[in-house]
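Structure first, commentary second.
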Amino acid sequence: HIDSQPAFLQNIEEQPMRERKIFMNRKKSFANLLKITCVMVCSCIGTQLVWADKTNSESITDTAMGTDCSVRVFGSDGTAKDIMDMLSDIENKYLSWRIEGSDIANINENASESEPVMPSKWTYSYLENVLDLARESSGAFDPTLGRVSQLWNLESDNPYIPSKSELTELLLETGWEKINLGEGEVFLKDGVQIDLGAVGKGIGCDEAQKMLEEADADAAVVSVGGSILTYGKKPDGKPWKIGIANPRNEDGESYLGSLTIDGTCSISTSGDYEKYVIEDGVRYHHILDPKTGYPADSGLISVTIVCDDGWLSDGLSTACFVLGYEDSLPLLETYQAEAVFVTEDKEVIVTDGLKDMFTLTDSSYEQVEE
Ligand code: ADP
Ligand code: MG
C-alpha cells in the first residue's frame with residue numbers, strides 16, 4: 001500500500017481550489033449568483049479551470065510536472081495560463097528523464113566520459129547550479145540517484161524494497177562527481193543517469209517568476225507540488241499566508257502552522273509523507289541518502305526552506321532532509337536560506353530569520369529552541 005499526496009504546501013488564503021468551492025456554493029442560488037459581481041469569468045479549458053474575480057486576478061489549477069499545480073496572477077490577463085503551459089513545456093523539453101528527446105533524457109542516453117552532449121544553455125546553467133549544491137552539501141543532494149529511485153519505484157502502486165547488496169551495486173553508478181561539465185557540454189561516467197526530480201518544481205517557480213516580471217504582473221502565487229513562489233504584493237496589501245503541511249495528520253489538521261510572507265519569495269517542503277510505503281512498521285520514503293541508497297533517516301520528517309530562488313529552496317529542502325538539523329545549518333548559512341525543521345518527536349525548530357514569520361497552529365507539535 002502506498003499513499004501519495006502531490007501538493008503539500010498550499011497557500012491558505014490564496015489556494016484556488018478553495019476559492020472555487022466558494023464559487024460553487026454561491027452558484028446554488030441563481031438570485032445569489034446575479035449578485036456576485038466578483039466572479040467575472042469561469043471557463044474550462046481542457047482540464048484547466050480558469051476563473052477571474054473582482055480583485056483582477058486569474059487562477060488556474062491543473063497537473064504538470066507530475067503533481068498538482070495552481071497559479072494565481074493579479075493584474076496581467078493570460079499570464080496564469082501561460083505559466084501553466086510553461087510548466088509542462090520545460091518538463092517535456094528539458095527536465096524529464098522519462099520523456100524521450102528532453103535535454104536530460106538525451107544526456108542520459110548519449111553522454112559518456114569521452115563523448116559529451118551539448119544541451120540547451122538553459123539546462124546547462126541549471127546543471128551548474130545543481131552541481132554547486134551537490135558539492136556544498138557534501139553530496140547529500142545528489143542528482144544521479146535516478147536509477148536508485150527507479151528501483152524503489154515509490155511513485156508507483158508497486159514499490160520494491162531492494163536488498164543491501166542490490167543498492168551497493170547500484171551506488172557504484174551514482175555520485176555527482178561523475179557528471180563533468182565542459183564548455184557548454186556535459187560528460188557522464190558510464191551507467192550514470194541524471195535525475196532532477198528534487199529541483200524541477202522549484203525551477204518551474206523560477207521560470208514563473210521571470211514570466212511575471214516580463215508581463216509586469218502586480219502579484220502572483222504559484223504552487224508546483226511542494227514548491228511555492230509568492231510574487232509581489234497582494235492588492236489588498238496583506239502578506240501571503242503559506243501553510244506548512246502537517247507531516248503526520250493523525251489529528252485531521254492539514255497544516256501544522258503557517259508562514260507570513262511579504263513580497264517575492266520561494267518556499268519548498270520535502271517530507272517523508274509524500275511518497276512512501278510502510279512495511280513491517282518501517283516507513284520507506286522517496287528522499288534517499290546517497291551514501292546508502294536507503295531512505296534518509298536523519299531524525300526529520302519534514303523540512304521547509306525559504307529563500308530567493310525556487311531551484312535552491314527545492315534542492316535545499318531535499319539536501320537538509322538528508323543532512324538532518326545540525327548538519328544543515330552551515331549549508332543554510334552558505335546559501336543565506338531559512339528553514340522550518342520538523343523532527344520525528346514532533347518538535348519544530350525555526351531558524352532565526354523566520355521566527356517572526358512562523359506561527360505554529362497544531363498543538364500536537366511543540367516549537368523548541370536549539
Ligand atoms: P518531491 O519531488 O516529492 O517534491 P523532493 O523535492 O524532496 O520531493 O525530491 C525528491 C525526488 O528527488 C525523489 O523522488 C528522487 O527522484 C530525487 N531524490 C531522492 N533523493 C535525492 C537526493 N538525496 N538528492 C537529489 N535527489 C534526490
Ligand atoms: Mg526538493
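Coordinate-derived values only; no laboratory data. Please read these numbers as outputs of a predicted model, since none were measured by experiment. A quick note on method: Cβ atoms are made from the backbone with ideal geometry, for glycine too, and the neighbour counts reach across all protein chains shown.
Multiply the residue gap between Asp280 and Ile99 by 0.36 nm, knock off their C-alpha separation, and tell me the result in nm, one decimal place. Let's see the in-between values first.
Working: separation 181, 0.36 × 181 = 65.16 nm, distance 3.49 nm.
Between Asp280 and Ile99, full extension yields 61.7 nm more.
May I ask you to derive the relative contact order of the chain, considering only C-alpha pairs under 8 Å and at least 6 residues apart, and to give it as an integer percent?
Working: 769 pairs, mean separation 64.3, N = 370.
Relative contact order here is 17 percent.
Would you work out the relative contact order for the range 230-370, in percent, from Cα pairs under 8 angstrom that are 6 or more residues apart? Intermediate results must be reported in sequence, preceding the final value.
Numbers: 263 pairs, mean separation 30.7, N = 141.
Dividing the mean separation by the residue count of the range 230-370 yields 22 percent.
If the only charges are +1 at each Lys and Arg Cβ and -1 at each Asp and Glu Cβ, what is the size of the charge dipole of the range 240-359 around the Cα centre, to the nearest 20 debye? Before the final figure, lay out the partial values.
On the way: 7 positive and 22 negative charges, 45 e Å.
Taking the Cα centre of the range 240-359 as origin, the dipole is about 220 debye.
Give me the Å³ per residue figure for the convex hull around the C-alpha atoms of the chain.
Here the figure is 144 Å³ per residue.
What trypsin sites (Lys or Arg not before Pro) in the range 70-141 are in a loop by DSSP, with at most 15 other Cβ atoms within 10 Å of the Cβ? Numbers along the way, then the final one.
On the way: sites: Arg72, Lys81, Lys93, Arg98, Lys121, Arg135; in loops: Arg98.
Answer in residue order: Arg98.
Looking at the chain, what % of its DSSP beta bridges pair antiparallel, to the nearest 5?
Numbers: 70 of 72 bridges.
DSSP beta bridges in the chain are roughly 95 percent antiparallel.
At 1.002 mPa s and 20 °C, plugging the Kirkwood radius over alpha-carbon pairs of the range 232-370 into Stokes-Einstein gives what diffusion coefficient in µm²/s? Could the numbers behind the result be given before it?
Numbers: Rh = 15.5 Å.
Roughly 139 µm²/s, to the nearest whole number.
How far apart, in nanometres, would the label points at Ser112 and Ser156 be if each is projected 7 angstrom from Cα along the Cα-to-Cβ direction?
2.9 nm
Between Leu151, Leu212, Leu172, find the one with the highest GNM mean-square fluctuation for the chain; connect C-alpha pairs within less than 10 Å.
In the Gaussian network model the winner is Leu172.
For the range 176-263, what relative contact order do you get, as a whole percent, if you take Cα pairs closer than 8 Å and at least 6 residues apart? Mind dumping the intermediate values first?
Details: 101 pairs, mean separation 15.7, N = 88.
It rounds to 18 percent for the range 176-263.
If you take the square roots of the eigenvalues of the alpha-carbon gyration tensor of the range 167-255 and sort them as a ≥ b ≥ c, do you get rounded (a/c under 1.5), prolate (a/b over b/c) or oblate? Display every interim value, and only then the final one.
Working: a/c = 5.41, a/b = 1.53, b/c = 3.52.
In terms of gyration-tensor shape, oblate.
Just the Kirkwood number for the range 91-199, please: inverse of mean 1/r across all distinct Cα pairs, in Å, one decimal.
Across the range 91-199, the inverse of the average 1/r is 14.2 Å.
With each run of n ≥ 4 DSSP H residues scored as -39500 (n - 2.57), what mean residue ellipticity at 222 nm is computed for the chain after dividing by its residue count and rounding to the nearest 500 deg cm²/dmol?
-9000 deg cm²/dmol
Which FRET efficiency, nearest 0.05, do Val368 and Lys164 yield, Cβ-Cβ r, R0 35 Å?
So the FRET efficiency works out to roughly 0.50.
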